[in-house]
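One structure is given here, and the rest of the page talks about it.
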Amino acid sequence: VRTRLTYETRANLAKSPLAKRLFNLMANKQTNLCLAADLTKAADILDMAEKCGPYICLLKTHVDIVEDFSDSFISSLQTLAKQHNFVLMEDRKFADIGNTVSLQYSKGIYKISSWADLVTAHTLPGRSIVQGLKAALEGEERGVFLLAEMSSSGNLIDDKYKETSVKIATEGGDVDFVAGVVCQSSNCFAFPGLIQLTPGVKINENVDKLGQQYQTPEHVVKQLGADIAVVGRGILQASNPQQAAINYRDRLWAAYTERVAK
Ligand code: BMP
């Protein structure tokens, strides 16, 4: 079972260079925490990245919510990523035909492919979405996480959609570009070389007012099979975000070490 294997072992099984790099980073830095830096001012995101950087493996952005987006914001973020050793993911959730996602990925104001190590994509359009994203690259080392499940209540994903999404992630000629799967359960996929990214993690709440459903760090790692847990407001809205990041990191890492020791 993939969830019993260590991140080091799984790094060696990964087909995606980005998955390999991220598994190794997690093992060396001893963190499986992803910060969802969902803030609307560039300076606030950079401040959060500075404070939480030492405790995270991944920093996830939604750049289209940043009101003062600029190229210098991106270069500052890249500097922090290097300094504190974390990977950058733009949670764009691409969902269009290959040609359109190729343009959305590399062009426009955000030029996502020029800076984001990882992006997310829905599988709704079929496997051409993976081909379309890959077609935008010019030799950069990049990866995609495909959504196979969502954390929101009442989402339309059923078992068939989930299974086909995992097939797209694990079969065919583009599997070296797929670094992982965004999902909510350990039986979602079997291949140990892929990373399970699981959002919907918060210590003190079960839901928000807009359909989000939360679980505890221990539950997502031990029961739901998360390799990386995504925490946004649990850290961002804490009275001391840095201390909250440390708490989440400690609890998530302890849950992982218990999971692989069993
Ligand atoms: P929060 O911890 O504040 O609820 O943030 C969760 C983050 O994870 C958001 O950035 C959201 O876009 C993302 N996310 C999610 O909540 N559920 C999913 O199924 C997929 C996501 O990417």
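Sticking with the crude label model, points 7 Å out along Cα→Cβ, report the distance from THR6 to PHE69 in nm, one decimal please.
My value for the distance between the label points is 4.1 nm.
Less than 17 Å apart at the alpha-carbon level, and either on another chain or at least 8 residues along: which aspartates and glutamates does that give for LYS167?
GLU149, ASP158, ASP159, ASP176
Mean residue ellipticity at 222 nm from the helices of the chain, using -39,500 (n - 2.57) per DSSP H segment of n ≥ 4 over the full residue count, to the nearest 500 deg cm²/dmol?
-11500 deg cm²/dmol, from helical runs alone.
Which cysteines does the chain leave without a neighbouring Cys Cβ under 4.7 Å?
Within the chain, the cysteines lacking a partner Cβ under 4.7 Å are CYS34, CYS52, CYS57.
Quick check on the chain: take the gyration tensor over C-alpha atoms, sort the square-rooted eigenvalues as a ≥ b ≥ c, and tell me if it's rounded (a/c under 1.5), prolate or oblate. Walk me through the numbers before you get to the answer.
Numbers: a/c = 1.33, a/b = 1.04, b/c = 1.27.
It is rounded, given that a/c, with a ≥ b ≥ c, falls under 1.5.
Given a 1.4 Å probe and every protein chain left where it sits, what share in percent of the accessible area of the stretch 120-262 is carbon and sulfur?
Whole-percent figure for carbon plus sulfur exposure: 48.
Along the Cα→Cβ direction, 7 angstrom out, place labels at GLU140 and ASN99. What is the inter-label distance in nm?
For the pair GLU140/ASN99, the computed spacing is 2.3 nm.
Taking a ≥ b ≥ c as the square roots of the eigenvalues of the Cα gyration tensor of the stretch 1-151, is the shape rounded (a/c under 1.5), prolate (a/b larger than b/c) or oblate?
Note, shape of the stretch 1-151 comes out oblate.
Over the stretch 126-177, how many percent of alpha carbon pairs lie in each 5 Å bin up to the one with the longest distance?
Over the stretch 126-177, the share of Cα pairs per 5 Å bin runs 4, 18, 27, 21, 15, 9, 5, 1 percent.
Just the accessible area per residue of the chain, please: how many Å² with a 1.4 Å probe?
Using a 1.4 Å probe on heavy atoms only, each residue of the chain averages 44 Å².
Run the simple label-point estimate for GLU171 and LEU124 please: 7 Å along Cα→C-beta, distance reported in nm.
2.4
Checking the table LYS29/LYS107; LYS160/LYS222; LYS60/LYS222; LYS20/LYS209; LYS60/LYS107; LYS82/LYS111 against a 31 Å threshold on Cα-Cα, which pairs fail?
Numbers: LYS29/LYS107 33 Å; LYS160/LYS222 25 Å; LYS60/LYS222 22 Å; LYS20/LYS209 37 Å; LYS60/LYS107 20 Å; LYS82/LYS111 20 Å.
Flagged as over cut-off: LYS29/LYS107; LYS20/LYS209.
So if I take the alpha carbon set of the stretch 15-66, get Rg, then get Rh from the Kirkwood formula, what is the Rg over Rh ratio?
Checking Rg against Rh, the ratio lands at 1.04.
Could you tell me what fraction of 2.2 N^0.38 Å the Cα radius of gyration of the stretch 115-227 comes to, as a two-decimal ratio?
1.10
The values are calculated or read from the model by the stated rules, or taken from the named source; none is laboratory data. Computed from a prediction, not measured in an experiment: that's the story for all the values here. Glycine also receives a Cβ, built like all others from the backbone with ideal geometry; neighbour counts cover every protein chain displayed. Quick note on the areas: whole protein, heavy atoms, side chains included, nothing else; ligands and nucleic acids left out. Shrake-Rupley method; radii C 1.70, N 1.55, O 1.52, S 1.80 Å.
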